[in-house]
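Take a look at the structure below.
Values quoted throughout were computed directly from the atomic coordinates according to the rules given, and no laboratory measurement underlies them. Given the structure is predicted, the values throughout are model-derived calculations rather than measurements. Virtual Cβ from ideal backbone geometry, glycine too; neighbours counted across all protein chains shown.
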Amino acid sequence: MEVFKLNIKISNTLDVPIYEQVKDEIIRLIMSGELGPGDALPSMRRLAKDLGISIITTKRAYQDLEGAGYVHSVVGKGTYVSEQNTELQKERILNEIEGHIEAMLLASRQINLSREELDEMISIIEEDMK
Amino acid sequence: MTAIQLKNVSKTQGTFKLKNIDLSIERGFITGLIGENGAGKTSLIHLILGLKKPDAGDISLFGDHAVEAHREALLNRIGFVFAEDRFPEKMTVPQLKKILKRFYEDFNAPQFDHYIRKFKIREKQKFKDYSTGERMKLSLAIALSHNAELLVLDEPTSNLDPNFRIDLLEILQELMEDENMTILFSTHITSDLDSIADYIIMIDEGELVFHEEKDLLLEKYRKIKGPVEILDAQTEDLLTGIKKTTVGFEAISDEHRALEELYGSKILTEQLRIDELMHHLKKGKGV
């Protein structure tokens, strides 16, 4: 049997649904290059077992990943990482971040929040998310 | 593909009644059966296994509607564990093994030996000297040793120590790597199901309360915490089971998105556990 090494961490206490956590973790692995095009993902059932979560949960994560073009499944074989246009994907995420920063700065202006205070808030939230 | 199907099944036993149960349990998944003691979980399982005959309605296993007539053949394909399994008092494991070989067409002796060792079941002791937990482990070893494609477990974890419970849940998930495997698992220790169950069936007072994907249930219902000041008539309409204390209120809602839009960071939404959901829905009217 093939040995898969997927560095996935999920938390049962976060208010983020488990399938979304699984999906986000796999996207992170693809983005960081730990998973490359053509790499096989573990079967849904195997991943469910290894993460101690339900089969439906992993199924949903895989379906979403496939829908977004990150992976594709080959009937009777399994699920594979698709050829990514990594630059394009990164661009897309950068755009998304820009949007969030704009919204954040606009909101800060309303209460004259200084740049230092904003930086501090970011650090605190970052710390919380660890 | 359906493993177990019940259509409009009713059964009266003394003062207890299972009422018009419609269920379709899909193959390839883990389904948890929850409900209070006396809700009808065991009766339902007995009906499914053909150990009792329904007063009305139709039951089929793997598409076979003649469950009672074909019980022996069907039981070959099913591994079952009951909370109160009885074994002949004077018997030991080697003697039982001989009987199992005759009873199950597909009895896998090496597999059975493997689980006997893995579960640390004492082979030379007579069954009368077994603890409840050890009997449960023996039942499990049998259920896992004849290539069953359906496992029906009635309160398997209630007499097990916590360590073994965790082992059992792992074993169940290993079995599910085979996509033809189906597990129906009744329990009142709902934390067993929080992680691994695909579907949850809840029955209460002999009636089906819901049969849903676990993920969908836990997405729909959330626990809401917030300050008592925001509770007005309209907000209370969106909440059920409101508990007020000096530190704020706690409630359950299936409208958590609306509440988040209304109150933003004033409220906190959290995932429910299945036992909290069960407690909540028992009082309400179901999903």
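Points to keep in mind about this one:
- Antiparallel content of DSSP bridges confined to chain B, in %, to 5: 65
- Spacing of the modelled spin labels on B:Ala73 and B:Glu212, each 7 Å from Cα toward Cβ, amounts to 3.9 nm.
- The phi-based Karplus calculation (6.51 cos²θ - 1.76 cosθ + 1.60; θ = phi - 60°) puts the 3J(HN,Hα) values of segment B:14-25 at x, 8, 8, 9, 8, 10, 6, 8, 10, 8, 9, 9 Hz, whole numbers, x for Gly and Pro.
- Note on B:Val228/A:Glu102: beta-carbon distance plugged into 1/(1 + (r/R0)^6) with R0 of 51 Å gives a FRET efficiency of 0.90.
- Mean separation of Cα contacts under 8 Å (6+ apart) over length of chain A, as relative contact order %: 20
- Each of A:Val16, A:Ile125, B:Asn163 was placed along the dipole of the protein assembly as shown (beta-carbon charges, centred on the mean Cα), and the one lying farthest toward the positive end is B:Asn163.
- Taken over the C-alpha atoms, chain B has Rg and Dmax values of 21.6, 70 angstrom.
- Number of Lys pairs (Cα under 12 Å; 8 or more positions apart or on different chains) in segment B:156-287: 4
- Computed from point charges on the beta carbon alone (+1 for Lys and Arg, -1 for Asp and Glu), the dipole magnitude for segment A:86-129 about its Cα centre is near 240 Debye.
- Structure-based [θ]222 nm, chain B - -39500 (n - 2.57) summed over DSSP H runs of at least 4, per residue, nearest 500: -9500 deg cm²/dmol
- Using Cβ point charges alone (K and R +1, D and E -1), the dipole size of segment B:222-271 about the Cα centre works out to roughly 240 debye.
- In chain B, taking the dipole from charged Cβ atoms about the Cα centre, the farthest positive-side position among B:Leu75, B:Gly63, B:Thr182 is held by B:Leu75.
- Of all lysines in the structure, the ones whose alpha carbon falls short of 17 Å from that of B:Lys128, not counting any fewer than 8 places away in one chain, are B:Lys90, B:Lys97, B:Lys120, B:Lys137.
- Reachable aspartates and glutamates from A:Lys23, criterion Cα separation under 14 angstrom, eight or more residues apart if same chain: A:Asp64, A:Glu66
- For the protein assembly as shown, the share of alpha carbon pairs falling in successive 20 Å distance bins from zero is 21, 49, 25, 5, 0 percent.
- Relative contact order of segment B:2-213: 32 percent, from C-alpha pairs under 8 Å at least 6 residues apart in sequence.
- Sorted by Cβ density within 10 Å, fewest first, the residues B:Arg102, B:Arg122: B:Arg102, B:Arg122
- Charge dipole magnitude, Cβ of K and R +1, D and E -1 - the protein assembly as shown, Cα centre, debye nearest 20: 2440
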